[in-house]
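In what follows, a structure is listed as structure tokens, so that the remarks can point back to it.
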Amino acid sequence: MSVLDVVSDSAVVAKRNLIKIKRVPDLLVFTTLSPIMFVLLFAYVFGGAIDPAGGGSGYREFLMAGIFAQTVVLGATITGAAMAEDVRKGIVDRFRSLPMAPSAVLTGRTLSDVLNNVIVLIVMSLTGLLIGWRINTSVGEALAGFLLLLLFAYAISWVMAWVGLLVPSPEVVNNASFIVTFPLTFAANTFVPLDTLPGPLRTFAEWNPVSAVTQSARDLFGNPDPNPDAVPSTAWSLANPELYTLIWVVIILAVFVPLANHQYRRAASR
């Protein structure tokens, strides 16, 4: 089977997943409502405490990159839950009976979730603009920031695809995913400056890839720490956040694309 066949089959599977969102709009509604709620709650509940001098305006700009990063990571759980549901309903067996590339099922699933993340980021950006968030850099730098977020989300979606095939129950996938993703997204620089964290937790947060993708977005959007006296981290990971993010993307894809495809073949042969 040629590369063009794989691309064509992946596009068909991605289209199938997008049509499912269209027919079940609740999926998209609740996917976008959750990050909007986080934006409003964090901006107005914590903003005045973290940025009292600016009345929370500086914190709202600082916050948005963290909300973006958290949303794309948590949104990747959709991939795992959807794959588990397809296995449970026998849709994977139907795909197996068709003359299509086996890798197209996972590739199409992850690509459709990237498009879903694009929609979510657009909605969140509009929400951020309404509460005072602004991009203070060039259009090219801003697009690079969004691209890094989407690349990281794409990598995480392969991890969740593997989990969804390994644990063929959407409920278990959701519970297991949140146990891992919540600490990763909160033990980072997503919502608070790193200099507020205690020593061991700060070290973990500095090398947490979620911190790197968040810092990359902040740098590329031009959203600095609201505290001008804050001491910046000297960790290599945050001194070179774009490179560190790309390294993690490559590592995750190199490990979990083969693992997910192997697990798909096992799931399809049950």
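The values are calculated or read from the model by the stated rules, or taken from the named source; none is laboratory data. Small disclaimer: the values here were computed from a predicted structure and weren't measured. Every residue, glycine among them, receives a Cβ derived from its backbone with ideal geometry; neighbour counts consider all protein chains shown.
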| field | Of all residues in segment 247-261 being surrounded by 15 or more Cβ atoms within 10 Å (Cβ to Cβ) and either under 12 Å from Trp162 (Cα atoms) or touching a strand residue (DSSP E or B) at 6+ places or on another chain (Cβ under 9 Å) (or both), the one that is modelled with the lowest pLDDT | value | Asn261
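Rundown of residues vs (1) assigned to a loop (DSSP other than H, G, I, E, B); (2) surrounded by fewer than 24 Cβ atoms within 10 Å (Cβ to Cβ); (3) among the hydroxyl-bearing types (Ser, Thr, Tyr), yes/no style:
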position	(1), (2), (3)
Glu61	no, no, no
Phe68	no, no, no
Thr71	no, no, yes
Arg88	no, yes, no
Val92	no, yes, no
Phe95	no, yes, no
Asp113	no, no, no
Ser125	no, yes, yes
| Looking at Ala84, is it farther than 25 Å from Phe191 by Cα, at pLDDT 80 or above and crowded, with 24+ Cβ neighbours inside 10 Å? | yes
| request: Would you check if Val210 is among the hydrophobic types (A, V, I, L, M, F, W, C), under 15 Å from the mean Cα position of the chain (by Cα) and either surrounded by 18 or more Cβ atoms within 10 Å (Cβ to Cβ) or under 30 Å from Glu85 (Cα atoms) (or both)? | output: yes
| So which residues in segment 126-145 are free of Cβ contacts under 8 Å to residues at least 24 places away in the same chain and within 14 Å of Leu220 (Cβ to Cβ)? | Ser138, Val139, Gly140, Leu143
| task | Please verify whether segment 26-34 includes one or more residues that are modelled with pLDDT of 75 or more, more than 15 Å from Leu74 (Cα to Cα) and not in a loop (DSSP other than H, G, I, E, B). | result | no
| request: Return only the number of the condition from (1) without any contact (Cβ under 8 Å) to a residue 60 or more places away in the chain; (2) closer than 19 Å to Val249 by Cβ that Arg109 does not satisfy. | output: (1)
| request: Please verify whether segment 128-135 includes one or more residues that are surrounded by fewer than 20 Cβ atoms within 10 Å (Cβ to Cβ), under 23 Å from Ile36 (Cβ atoms) and among the charged types (D, E, K, R). | output: yes
| said: Suppose the filter is modelled with pLDDT under 85, hydrophobic (A, V, I, L, M, F, W, C), within 30 Å of Ser138 (Cα to Cα) and surrounded by fewer than 19 Cβ atoms within 10 Å (Cβ to Cβ); does Ala268 pass it? | reply: no
| query | Do we have Leu40 as modelled with pLDDT under 75, under 21 Å from the mean Cα position of the chain (by Cα), among the hydrophobic types (A, V, I, L, M, F, W, C) and in a helix (DSSP H, G or I) here? | reply | no
| said: Please go through segment 191-213 and give me each residue that is at pLDDT 90 or above and not in a helix (DSSP H, G or I), ordered by number. | reply: Asn208
| List, please: which pairs have Cβ atoms under 7 Å, are six or more places apart or on different chains, and start with a residue in segment 27-50 that is closer than 19 Å to Ile119 by Cα and end with one that is modelled with pLDDT under 70 and assigned to a helix (DSSP H, G or I)? | Leu27/Ile21; Leu28/Ile21
| Just one of the numbered conditions (1) surrounded by fewer than 16 Cβ atoms within 10 Å (Cβ to Cβ); (2) assigned to a helix (DSSP H, G or I) is not true of Ser216; which one? | (1)
| said: I'd like to know if segment 222-244 contains one or more residues that are surrounded by fewer than 17 Cβ atoms within 10 Å (Cβ to Cβ), in contact (Cβ under 8 Å) with a residue 60 or more places away in the chain, touching a Ser or Thr at 6+ places or on another chain (Cβ under 7 Å) and under 16 Å from Gly58 (Cα atoms). | reply: yes
